Structures are given as structure tokens and as C-alpha cells.
Amino acid sequence: QKEVEQNSGPLSVPEGAIASLNCTYSDRGSQSFFWYRQYSGKSPELIMFIYSNGDKEDGRFTAQLNKASQYVSLLIRDSQPSDSATYLCAVMDTGRRALTFGSGTRLQVQP
Amino acid sequence: GAGVSQSPSNKVTEKGKDVELRCDPISGHTALYWYRQSLGQGLEFLIYFQGNSAPDKSGLPSDRFSAERTGGSVSTLTIQRTQQEDSAVYLCASGLRNTEAFFGQGTRLTVV
């Protein structure tokens, strides 16, 4: 069983819409959660991290965490074609204290 | 340096040869990760170093793969007797304990 699950997509949204990306994880004790963005042919880059239940906003990005449901999401408001990329969810494993990544969701923002 | 540096950027090698991939982490970062990403696929965990603790090698796919980290800084990933299925982008990331990690630009390995 995979430890971090994401829908592979592609998720297609029109420009200006809200994109919602979801991630579930199996380690109930996990405390730290991260979202990375990866453009084609490039390395992943960190865009958000969240440690506490609730919402965390940074510009057009909002991370949401629900530890009881073992669920973390990323909302992108006013989506732009430049947001088209693969979004990777990562969870800090409580056992080995290493980052475990989901397989990523490909987002396509249509102009 | 300002970021994680990996070398070489690209490596083409003949099947059966050994290769060494290098990672220079961000100064002061105690955590160092190696991941592998095949074309169109997600990140495959290989190995994790944290300070002076024994590395977590649970992701290494075979005994042809090994890695070391000298002086808590530079790391080298070695692949012996390379096979075509080893062709992938090898990504290194570094961070502080229990926090986010920052990636290097990766090494694209092609085994011909």
C-alpha cells in the first residue's frame, strides 16, 4: 500500500478558475506536509508547507490539512497557464523522518 | 553555494560500466536524500542520510547501488555494472532535520 496517494490526473481547469489538488497519507502520526511543483524537465521546487490542522495561505496558494481524515490539499486560485505542472505532495514519515512523496498530479490550465 | 549542486548534469555510460554521481548539499543541512525519477514517473526514494545516524538504505533497488556521505556534507551515489533500466534522472535534496528539502538540478543518466 502506497504511503502517500495522489490522483495522477491530468486535472484540467480554465484560466482564472480554482484548481484543487488532493493528497491522502497512511501514517497517522505524520506531522509535516509539503507541496512541491515540478515543471517538465525540471526539479521539484517547494511551494508550501503546513504543520497544523486548518488552512495556510500564501498568495494564490492555500494548503489545507485535516489530520483526522489524513488528508491534505492545495488550492490554487486564479489559475494561470504558468501553473501547469505536476504537483507533488510530500509527507514527513514519523518512523525514519524522511520525506515520502506521492506520485504527483498533473495540472493543465487552459488559456 | 546557494543551492544543492549535482554533477554531472548528464552522463551517458555503456552498459556494465560503473558510474558515480555527486551531490553538494546546502551548507549546514544535516539531511540528504537521493531519489530516482524515470521518465513520466514519480520520485522513487533511494537513500536518506541524517547527521551522523546510520543511513536509511531501504530504497536502494539492488546491491549494485551504494551511497556515502563524507564529513556530513558531500554525497556520492555509485551504481556498479549499470543496466539500461538504471536510466533515469537522479535527484539529490538536502534539508534540516524534520523540515522541507531542497532539490538539486539532477543528473540525467543514460545507459546505452
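Descriptive notes on the structure:
- Failed item in (1) part of a loop (DSSP other than H, G, I, E, B); (2) modelled with pLDDT of 90 or more; (3) within 14 Å of chain A (Cβ to nearest Cβ), with B:Gly16 passing the rest: (3)
- For region A:27-74, taking the residues that are of a type in the set (D, E, K, R), surrounded by 12 or more Cβ atoms within 10 Å (Cβ to Cβ) and part of a strand (DSSP E or B), the one that is nearest to the other protein chains (Cβ to nearest Cβ) is identified as A:Glu45.
- Only listed residue being within 11 Å of the chain's Cα centre (by Cα) and not charged (D, E, K, R), chosen from B:Thr76, B:Thr82, B:Thr30, B:Thr70: B:Thr76
- Residue check: B:Gln6 meets all listed conditions (1) within 13 Å of another protein chain (Cβ to nearest Cβ); (2) out of contact with any strand residue (DSSP E or B) (no Cβ under 7 Å at 6 or more places or on another chain); (3) at pLDDT 95 or above but one, namely (2).
- Leading residue by the ranking (surrounded by the fewest Cβ atoms within 10 Å (Cβ to Cβ)) among those in region A:96-111 that are more than 9 Å from every other protein chain (Cβ to nearest Cβ) and of a type outside the set (D, E, K, R): A:Pro111
- Some residue of region A:13-20 being surrounded by 17 or more Cβ atoms within 10 Å (Cβ to Cβ), part of a strand (DSSP E or B) and in contact (Cβ under 8 Å) with a residue 40 or more places away in the chain: yes
- Qualifying residue in region A:21-28 (condition: among the basic types (Lys, Arg), over 12 Å from the mean Cα position of the chain (by Cα) and farther than 23 Å from B:Ser38 by Cβ): yes
- Where strands (runs of 3 or more DSSP E) fall wholly inside region B:51-112, the ranges with 3 or more residues that are hydroxyl-bearing (Ser, Thr, Tyr) are B:75-79.
- Qualifying position, being β-branched (Val, Ile, Thr), modelled with pLDDT of 95 or more and in contact with a Cys (Cβ under 8 Å, 6 or more places away or on another chain), among B:Thr110, B:Thr76, B:Thr82: B:Thr76
- For beta carbons closer than 9 Å, sequence separation of 6+ or different chains, a first residue in region B:83-108 that is over 30 Å from A:Gly29 (Cα atoms) and facing chain A (nearest Cβ under 7 Å) and a second that is of a type in the set (Val, Ile, Thr) and part of a strand (DSSP E or B), the qualifying pairs are B:Gly106/B:Val89.
- Any hit, region A:75-86, residues being among the polar types (S, T, N, Q), over 14 Å from the mean Cα position of the chain (by Cα), farther than 30 Å from B:Leu109 by Cα and surrounded by 12 or more Cβ atoms within 10 Å (Cβ to Cβ): yes
The values are calculated or read from the model by the stated rules, or taken from the named source; none is laboratory data. All figures in this text were calculated on a predicted structure; none of them were measured in a lab. Positions of Cβ are backbone-derived with ideal geometry, glycine not excepted, and every protein chain shown enters the neighbour counts.
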